Amino acid sequence: MSAAEGPAVFLEGLDRILTEVAATGRRLTRDEVESRRELGEQAAESGLGLRGMVSAHLAAAREAWPAAAGGPGGGRGSADRALAAVQQVVDSFAEGYERAQRQAIRQEEAGRREFIDDLLHGRSDLGRLAERAERYGLRLARAHAVAVAEGPAAYEEGDPVPRRVVRAVTARFGSRRILVTTKEGRLLCIAPGDQDDVLAWFAKHAYAATDGGRVAVGRAHQGPGGVVQSYEEALGTLEMAERLGFEGPVLRAADLLVYPVLARDRQALADLVVSALGPLRAARGGAQPLLDTLTAYFDSGCVAAEAARRLSLSVRAFTYRLERIRKLTGADPADAGQRYTLQTAAIGARLLDWPAQEV
């Protein structure tokens, strides 16, 4: 059956059912109920609207009404029985229609999820992937950037938080070749690389919807593989932020390129940390308090008063710690020439979780 045949084909047998029910008072048989459900499924698959089909059922019932209400035992009782039959028919038809719609939605969701998994893991034939991407508004030949947001909970599509963010993005930008989805409990936004305003808007609303979660934005990269690369950069930035204790709500991979560069050669970084900061282990209380002192000092722009405030120390106590670092390491944090080595080593210590972990 198809929509071209019109609603009438989906009303087959309705007049007979109404006539028999009005005459005998029986309810619809199990086979009749199931046939109405099947017709409802077929109408949904044919693209006919449920509202129009309900109207068609009521019109058909009205047309069959004189025969239905005028048989043996006619009158008020037969009319009530006919109305009950109409209700049962429409209810069964609508149940089948909704069942077909739910199945179509599940299939669409499964296809969308499979596409997102293939896209973000670089699987599938690139030509086929680009063809599938068109269905979701993405042109993979262009450059794309990915923003990833994580909050205190894991999110799935359809949850309240993702729905809020999707509404905020689509209300502002419409269908501007943007895909907002979820992956492994995080929120994602994939947008053309030249539309940074989209990612900024997503980041703003994802931060609010996740009650102060963290958002990372990868750099724009060209082609189907560019989406994967930008996604992995954003994930790496989130991991880096967690390990280094960055407090900013929105972090951009382009602003933090020095950190993956440092972490790329782990052995060289470990050698630097041990060489430059190893002597701090000899301090009373171990290396960690003095490492925290260096971190606060560099993070505050080498302003001792601000660094002391961050650590809840007096300026005098803080400067004493700096002096202790200078004596133990032989390098002065206040000296521009020696500061770079100490700062790089301090970053490396945070990346390697030193001194808690041996390197």
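The values are calculated or read from the model by the stated rules, or taken from the named source; none is laboratory data. Remember, it's a predicted structure, so these values are computed and weren't measured experimentally. So basically every Cβ, Gly included, is an ideal-geometry build from the backbone, and we count neighbours across all protein chains shown.
Looking only at segment 324-359, how many residues end up being assigned to a helix (DSSP H, G or I), surrounded by 13 or more Cβ atoms within 10 Å (Cβ to Cβ) and of a type outside the set (Lys, Arg)?
Total meeting the criteria: 15.
Among the listed residues Thr329, Thr319, identify the single one that is of a type in the set (Ser, Thr, Tyr), touching a Pro at 6+ places or on another chain (Cβ under 9 Å) and more than 26 Å from Ala241 (Cα to Cα). Steps first, please.
Values: Thr319 fails: touching a Pro at 6+ places or on another chain (Cβ under 9 Å).
Selected residue: Thr329, the only one of Thr329, Thr319 that is of a type in the set (Ser, Thr, Tyr), touching a Pro at 6+ places or on another chain (Cβ under 9 Å) and more than 26 Å from Ala241 (Cα to Cα).
Counting just the residues of segment 247-259 that are at pLDDT 80 or above and part of a loop (DSSP other than H, G, I, E, B), which one comes out nearest to Ser230 (Cα to Cα)?
So, considering only residues that are at pLDDT 80 or above and part of a loop (DSSP other than H, G, I, E, B), the one nearest to Ser230 (Cα to Cα) is Leu257.
Any chance segment 140-155 includes a residue that's aromatic (Phe, Trp, Tyr) and farther than 30 Å from Leu18 by Cα? Write out each step before concluding.
So the first thing to find is which residues in segment 140-155 are aromatic (Phe, Trp, Tyr), and the list is 155.
Within this subset, residues satisfying the condition of being farther than 30 Å from Leu18 by Cα are 155.
Yes, because at least one residue in segment 140-155 is aromatic (Phe, Trp, Tyr) and farther than 30 Å from Leu18 by Cα.
Identify, from the list Ala171, Ala208, Ala203, the residue that is crowded, with 21+ Cβ neighbours inside 10 Å and not β-branched (Val, Ile, Thr). So that I can check it myself, show each step before the final result.
On the way: Ala171 fails: crowded, with 21+ Cβ neighbours inside 10 Å; Ala208 fails: crowded, with 21+ Cβ neighbours inside 10 Å.
After ruling out the rest, the residue left standing is Ala203.
Which condition from (1) buried (at least 20 other Cβ atoms within 10 Å of the Cβ); (2) within 26 Å of Leu179 (Cβ to Cβ) is the one that Leu256 breaks?
For Leu256, the exception is condition (1).
Condition first: under 46 Å from the mean Cα position of the chain (by Cα) and either farther than 15 Å from Gln42 by Cβ or free of Cβ contacts under 8 Å to residues at least 40 places away in the same chain (or both). Now tell me which residues in segment 9-27 satisfy that. Before you say what the answer is, go through the steps one by one.
Of the residues in segment 9-27, the ones under 46 Å from the mean Cα position of the chain (by Cα) are 9-12.
Residues satisfying the conditions are Val9, Glu12.
Counting only residues that are out of contact with any His (no Cβ under 7 Å at 6 or more places or on another chain) and farther than 17 Å from Arg186 by Cβ, how many does segment 222-242 have?
Residues flagged as out of contact with any His (no Cβ under 7 Å at 6 or more places or on another chain) and farther than 17 Å from Arg186 by Cβ within segment 222-242 amount to 4.
Can you tell me how many residues within segment 193-224 are modelled with pLDDT under 90, among the small types (Gly, Ala, Ser) and closer than 26 Å to Leu129 by Cβ?
Summing the residues that are modelled with pLDDT under 90, among the small types (Gly, Ala, Ser) and closer than 26 Å to Leu129 by Cβ in segment 193-224 gives 1.
Tell me which residues, restricted to segment 245-276, are more than 22 Å from Leu291 (Cβ to Cβ) and of a type in the set (Asp, Glu).
Within segment 245-276, Asp255 is the sole residue that qualifies.
If you check Arg142, Arg132, Arg177, Arg163, which single one turns out to be touching a helix residue (DSSP H, G or I) at 6+ places or on another chain (Cβ under 6 Å) and of a type in the set (D, E, K, R)? Write out each step before concluding.
Values: Arg142 fails: touching a helix residue (DSSP H, G or I) at 6+ places or on another chain (Cβ under 6 Å); Arg177 fails: touching a helix residue (DSSP H, G or I) at 6+ places or on another chain (Cβ under 6 Å); Arg163 fails: touching a helix residue (DSSP H, G or I) at 6+ places or on another chain (Cβ under 6 Å).
Just a single option satisfies the conditions, and that option is Arg132.
Out of segment 210-232, which residues are among the charged types (D, E, K, R) and either assigned to a helix (DSSP H, G or I) or on the phi > 0 side of the Ramachandran plot (or both)?
First pass over segment 210-232, keeping only residues among the charged types (D, E, K, R): 211, 214, 219, 232.
Selection gives Asp211, Glu232.
For the subset of segment 79-97 comprising residues that are free of Cβ contacts under 8 Å to residues at least 24 places away in the same chain and within 46 Å of the chain's Cα centre (by Cα), which member is surrounded by the fewest Cβ atoms within 10 Å (Cβ to Cβ)? Show your work before the answer.
Narrowing segment 79-97 to residues free of Cβ contacts under 8 Å to residues at least 24 places away in the same chain: 80, 83, 87, 91.
So of that shortlist, the ones also within 46 Å of the chain's Cα centre (by Cα) come out as 87, 91.
Working: Gln87: 11, Asp91: 15.
It comes out as Gln87.
With the requirement that a residue be exposed (fewer than 15 other Cβ atoms within 10 Å of the Cβ) and aliphatic (A, V, I, L, M), what does segment 276-314 give you?
Result: Ala282, Val303, Ala305.
Quick check on segment 244-252. Is at least one of its residues touching an Asp or Glu at 6+ places or on another chain (Cβ under 8 Å) and not assigned by TED's automatic domain parsing to the domain that holds Ala346?
Step one: of segment 244-252, the residues touching an Asp or Glu at 6+ places or on another chain (Cβ under 8 Å) are none.
No: segment 244-252 contains no residue that is touching an Asp or Glu at 6+ places or on another chain (Cβ under 8 Å) and not assigned by TED's automatic domain parsing to the domain that holds Ala346.
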